[in-house]
1. Please specify each residue of the stretch 29-48 satisfying the condition of being open to solvent by 70 Å² or more (accessible area, probe 1.4 Å), modelled with pLDDT of 85 or more and either in a loop (DSSP other than H, G, I, E, B) or in contact with a Ser or Thr (Cβ under 6 Å, 6 or more places away or on another chain) (or both).
2. Within the stretch 1-28, count every residue that is assigned to a loop (DSSP other than H, G, I, E, B) and either touching a Phe, Trp or Tyr at 6+ places or on another chain (Cβ under 8 Å) or over 18 Å from Glu65 (Cα atoms) (or both).
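The values are calculated or read from the model by the stated rules, or taken from the named source; none is laboratory data. All of these numbers come straight from a predicted model, not from anything done at the bench. Positions of Cβ are backbone-derived with ideal geometry, glycine not excepted, and every protein chain shown enters the neighbour counts. Surface accessibility is based on the protein's heavy atoms, side chains included, excluding ligands, DNA and RNA. Shrake-Rupley method; radii C 1.70, N 1.55, O 1.52, S 1.80 Å.
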Amino acid sequence: YYPLLRGIKNFKLRYYQASSKNWFNSWDSNREEFRNLYPDMVELSLEVNGPQNLSYEGKYIFRPEVPLDGVYASF
């Protein structure tokens, strides 16, 4: 166990599908509408409480990228 960030108050992910121009709160590639698809963008929303009542709230939007030769299994 190794904490990457202490004091996380809120952590949310949202997924964007360009073809429908919609954001989704979950993404399951086994569902019919997402089968064999990756989201076009992912939004990470993070709220952190730090020492001495300092806090941080931010959003980061990024495109998931997969190597051209696929993703190798880690097991």
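1. Those that are open to solvent by 70 Å² or more (accessible area, probe 1.4 Å), modelled with pLDDT of 85 or more and either in a loop (DSSP other than H, G, I, E, B) or in contact with a Ser or Thr (Cβ under 6 Å, 6 or more places away or on another chain) (or both): Asn30, Arg31, Arg35, Leu37, Tyr38.
2. Residues flagged as assigned to a loop (DSSP other than H, G, I, E, B) and either touching a Phe, Trp or Tyr at 6+ places or on another chain (Cβ under 8 Å) or over 18 Å from Glu65 (Cα atoms) (or both) within the stretch 1-28 amount to 13.
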